[in-house]
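To start, the structure under review is shown below, and the notes come after it.
The values are calculated or read from the model by the stated rules, or taken from the named source; none is laboratory data. This is a predicted model, so every value here is computed, not measured. Neighbour counts run over all protein chains shown; Cβ positions are idealised from the backbone, glycine included. These accessible areas exclude ligands, DNA and RNA; they are computed on the full protein's heavy atoms, side chains included. Shrake-Rupley method; radii C 1.70, N 1.55, O 1.52, S 1.80 Å.
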Amino acid sequence: MNQGIILKILSEYAYVLFEKNLYECKATGKVRHSNQKPTTGDYVNFEITDKQNFKGSLTEILKRKNELYRPRIANIDQVVIITSLREPILNTYTLNKYLFFLETLHLKPILAFTKADLTNQDDEEILKAKLYKTIGYEVYLINNMIDTDKNWNEFLKSLENKTSVFTGQTGAGKSTTLNHIIPNVSEKTQEISKALNRGKHTTTKNELFIYKNSLIGDTPGFSSFEYKEITKEEIALSINFFKDIKCKFNNCLHINNTPGCKVIEAVKNNSFPQFIYDDYVKIQLEIENQRRRY
Ligand SMILES: Nc1nc2c(ncn2[C@@H]2O[C@H](COP(=O)(O)OP(=O)(O)OP(=O)(O)O)[C@@H](O)[C@H]2O)c(=O)[nH]1
Ligand SMILES: [Zn+2]
């Protein structure tokens, strides 16, 4: 019995990483009949059935610590939200939407701002990006046009020994950043596929790539937010920086000028960024309007 991790699923096969090799595994009846479907990121027990051709059979899916549904990836340590500072210009509303969504799922967000080379130090976008640091997030300003610099090395460090998933808007630089971390990532994947005799490499939308002791998943972004299942209260209660402000009202949504609300006070006396608060209010309204439609 061996323990490995599923890097991708293609038709009825799960590709399991074990001791630096990828094994093409089929699920045994026991797994097929359980109500758990093998998922990218799953830790699994499997038996090697053909050592030479790297084939095996899955015998058990181990308990998941968490799971994203779109894309389907399990056991995520952190989600890197990739946002461009320029081209397209910083859109904090989309960023904050991702951020709040992750907080309600209790997934750790990391903020990577790309295209730093297209900005100047005192640009509004840079100042905004840096404000996220002051409210407790890990923030990295990235330039993919040069090989490496201090910021880049720090960003790489944040990925060590973890399973990270990249997400972000179209054009933000997800693929470029992944290729910067793992040069020729698609060719490398192809080599593994060749060893498995599967001829042509097929990419899937939820695949984990290997970087040293880490795994990284590039996703097309949470294409549609599942805000439908999230309540206004859940968001208000999940956001870590609001927890730190400690509003004295238990079920406060921190909106509508609620008298005595500590969050609103923090915004008024500039100890909390106004632009993030404004996006928060917008998102709360959006959820309210969504509800009305049902
Ligand atoms: N100047 C500059 N351009 C960058 C940087 N990072 C990415 N780009 C460019 O931004 C464009 C979009 O990058 P992609 O990596 O394709 O973006 P993506 O997020 O994968 O986009 P989708 O595949 O549509 O989701 C490309 O032309 C990249 O060369 C950067 O740090 N600086
Ligand atoms: Zn409040």
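Would you work out the Kirkwood radius for the range 1-122? I mean one over the mean of 1/r across all pairs of different Cα atoms, in Å. Could you put the intermediate results ahead of the total?
Details: mean 1/r = 0.0601 Å⁻¹.
When all Cα pairs of the range 1-122 are included, the Kirkwood radius is 16.6 Å.
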Computed about the Cα centre, the charge dipole of the range 73-218 from +1 Lys/Arg and -1 Asp/Glu charges at the Cβ has a magnitude in debye, to the nearest 20, of 480
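What whole-number value in Å² describes the accessible area per residue of the chain for a 1.4 Å probe? Numbers along the way, then the final one.
On the way: 15370 Å² over 294 residues.
I get 52 Å² per residue for the chain.
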Just to verify a number: FRET efficiency for Asp244 and Gln78, C-beta to C-beta distance, R0 = 22 Å, to 0.05?
0.70
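For the chain, what % of the accessible area comes from carbon and sulfur atoms, probe 1.4 Å?
Details: 7460 of 15370 Å².
Answer for the chain: carbon and sulfur cover 49 percent of the accessible area.
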In Å², nearest 10: area of Met145 left accessible to a 1.4 Å probe:
140
Within 10 Å, count the other beta carbons around each residue, average over each peptide in 89-98, 56-65, 110-119, and list them highest first.
110-119, 89-98, 56-65
Among Ile81, Leu95, Asn53 the positive-end extreme of the charge dipole of the range 35-181 (Cβ point charges)
Asn53
Rounded if a/c is under 1.5, else prolate if a/b is larger than b/c, else oblate: which is the range 228-292, with a ≥ b ≥ c the root eigenvalues of its Cα gyration tensor?
prolate
I'd like the orientation of helix 185-195 relative to the chain: the angle between its Cα long axis and the longest Cα principal axis, in ° from 0 to 90, rounded to 10.
20
Return the calculated 222 nm mean residue ellipticity for the chain, to the nearest 500 deg cm²/dmol, obtained by summing -39500 (n - 2.57) across DSSP H runs with n ≥ 4 and dividing by the residue count.
-9500 deg cm²/dmol
Starting with the highest mean, order 159-165, 79-85, 270-276 by the number of other Cβ atoms within 10 Å, averaged over the residues of each peptide.
79-85, 159-165, 270-276
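Probe radius 1.4 Å, ligands and nucleic acids left out: which of Arg72, Arg32 has the largest accessible area, and how do the rest follow?
Largest to smallest exposure gives the sequence Arg32, Arg72.
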The range 1-17 versus the range 74-144: alpha-carbon centroid distance in Å
32
Which angle between 0 and 90 degrees, to the nearest 10, do you get for helix 274-292 versus the longest principal axis of the chain when only C-alpha atoms count?
70
